[in-house]
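Rule-based calculations on the coordinates, nothing more; no lab input. Just so it is clear, the model here is predicted, and its values are computed rather than measured. As a convention, Cβ positions derive from the backbone with ideal geometry for all residues, glycine included, and neighbour counts pool all protein chains shown.
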Amino acid sequence: MTGSGLDLHLDLSADSGGVGRALELALREAVRSGRLAAGARLPGSRSLAADLGMSRGTVVQVYAQLTAEGWLVGTPGSGTRVADLPPCFPADEPSRRDPHSPVPGRRQDATGGLDLRPGRPDLSAFPRTAWASSVRRAVSAADPAAFGYGDPGGLAELRTVVAEYVSRTRGVRADAGSVVITAGFSAGLALLARTFRRLGAARMAIEDPCLQRHRELVRAAGLRVDPLLVDADGADPSALGDGGAALLTPAHQHPRGVVLAPRRRTAFVEWARRNDGYLIEDDYDGEFRYDRQPVGAIQALAPDRVVFGGTTGKALAPGMRIGWLVVPPALREPLLDSIEETSSAVPAVNQLALADLIARGDYDRHIRRIRLVYRRRRTELARRLATVTPTPLEGVSAGLHALLPVASPEHERNLVTAGERAGLRLQGLHVSGYWHAPAGRPAALILGYATPPPHAWRASLDLLTGLIRANG
Ligand SMILES: Cc1ncc(COP(=O)(O)O)c(C=O)c1O
């Protein structure tokens, strides 16, 4: 439509509430997304109504509504224009909720472009058919009691299969009574931090580097964060204080990709025993080891001192928001109190469906399938990078990401910025806030090779290798 010389390209098709409502939604979306820029002049109500085949009164009403809401301004003598929105309007708001938060100013779920950020599986591989069948079956078969408030720690159906699953796949010592279902690992961590604080702890030791979001969650619960530097043997326990808890990624350190050395595993357990402390074992990608059997869980060494945490965020999708904690008996009740205080139990239908998916073997089948894909991708990534840089990938052959060391923080930033300009999203140790105190720390790209859907994988590799070639 061109009533004012402005081509609005409004999509009015998706609405069921009448043409006026459809126009209102379409205009709001066009302003919110920036397609209609601040100051842009809208067509007069008469010509827009004629273009769209609706009454002039409807257009006048919609303009009045959007003007009242602040999206548009009516200027006497020069018609209706797009308002100059304050910068906090949603379209450009950086995502504060993405645990792998990208370059500031970028929304996490913006579509289009290529993406090698870590922490995500290929979302296009989500097993839709199996999940839909599990939801249908689970809802049909559920006991009515499952739809009540129930146990804040999760439904027995899911706790039972999770206990069996983590025992079988990760060597965890668990039964249904020790499992607590959470909305992903990060939610579990926030609940644990809150629980430890209430039990009198003042601090939590956390790997350095680590996910910035985890440091923030722990601080938000009122605990001090003590960094534990990570070297080739994993987190160094020598900086541990005399109490509290320690958060570790032993099977595949995030983000450096190293495995916690056996003597350090023992040292952490001994520390917890001696100091009445707890270890939190974040097993975020424990199902994905490509060169050998994954290292078993530390939890089996000391089920009374270690909380084991797992998630469906890598095996299925982060949007599932389901994870689990296997907790020592002494922590179970305090943790359930935290869940009730924060009203953060996980929806029943999702729990029932996941229980069905795991019990039928579909969860394992899906993991076996994608594990193969990700293993091939890792090999291909290493091979392609070897053609443009002598620096090998850091870390063991596991998980959904690999570290590519680069010369300096400045080099890292240049690569991330050049990627952004070329349409490839990247993250780095410095740029993405992984270091507790970044001064003097090494720089690296953290390459999430699982993230692209199959059709975008080769193009992502081409762009990455091109960037590295061009940026030294
Ligand atoms: C180190 C680490 N732990 C845990 C998780 C999983 O968090 P969640 O289950 O909340 O998505 C991630 C996901 O990216 C991660 O990178």
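The HN-Hα couplings worked out from phi for the range 345-353 by the Karplus form 6.51 cos²θ - 1.76 cosθ + 1.60 (θ = phi - 60°) are 5, 8, x, 5, 5, 4, 5, 5, 5 Hz, whole numbers, x standing for Gly and Pro. Short-range pairs are left out: with C-alpha atoms under 8 Å and at least six residues apart, the relative contact order of the range 19-90 is 36 percent. For residue 444, the residues whose amide H sits under 5 Å from its own are 406, 429, 430, ignoring neighbours fewer than 5 places away on the same chain, with H placed 1.01 Å from N. Relative contact order for the chain: what is it in percent, counting Cα pairs under 8 Å that are at least 6 residues apart? For the chain, the relative contact order is 18 percent. When DSSP beta bridges are restricted to pairs lying wholly in the chain, around 55% turn out antiparallel. When +1 charges are put on Lys and Arg Cβ atoms and -1 charges on Asp and Glu Cβ atoms, the dipole computed for the range 128-360 relative to its Cα centre reaches about 320 debye.
Shape class of the chain from the Cα gyration tensor (axes a ≥ b ≥ c, square roots of the eigenvalues): prolate, since a/c reaches 1.5 or more and a/b is larger than b/c.
The ratio of the alpha-carbon radius of gyration of the range 188-306 to the globular-protein estimate 2.2 N^0.38 Å is 0.99. What net charge do the residues around residue 465 carry, taking every other residue with its C-beta under 12 Å from that of residue 465, with Lys and Arg at +1 and Asp and Glu at -1? Local net charge: +2.
Whole-Hz Karplus values for the range 440-452 come out as x, 7, x, 10, 6, 8, 10, 9, x, 7, 7, 4, x Hz, taken residue by residue from phi with 6.51 cos²θ - 1.76 cosθ + 1.60 and θ = phi - 60°; glycine and proline positions read x. The Kirkwood radius of the range 19-90, taken over pairs of alpha-carbon atoms, gives through the Stokes-Einstein law at 10 °C and 1.306 mPa s a diffusion coefficient of 130 µm² s⁻¹.
For residue 83, the amide hydrogen comes within under 5 Å of the amide hydrogens of 39, 72, 73, counting only partners 5 or more places away or on other chains and with H modelled in the peptide plane. Once you sort the root eigenvalues of the Cα gyration tensor of the range 245-356 as a ≥ b ≥ c, which label holds: rounded (a/c under 1.5), prolate (a/b larger than b/c) or oblate (the other case)? Oblate, since a/c reaches 1.5 and b/c is not below a/b.
Per-residue 3J(HN,Hα) values for the range 48-60, derived from phi via the Karplus relation 6.51 cos²θ - 1.76 cosθ + 1.60 with θ = phi - 60°, read 5, 4, 5, 4, 8, x, 10, 6, 4, x, 5, 5, 4 Hz in sequence order (x marks Gly and Pro).
Would you be so kind as to identify which of 186, 204, 386 lies farthest towards the positive end of the dipole of the chain, taking Lys and Arg as +1 and Asp and Glu as -1 on Cβ and the Cα centre as origin? Projecting each Cα onto the dipole axis, the largest value belongs to 386. Here the residues 58, 387, ranked from fewest to most Cβ neighbours within 10 Å of their Cβ, fall in the order 387, 58.
Most simply put, the range 257-368 has about 50% antiparallel DSSP beta bridges, counting only bridges with both residues inside it.
The Rg/Rh ratio of the range 327-393, with Rg taken over Cα atoms and Rh as the Kirkwood radius over Cα pairs, comes to 1.28. Prolate is the label for the range 128-360. Its Cα gyration tensor axes, ordered a ≥ b ≥ c, give a/c of at least 1.5 and a/b above b/c.
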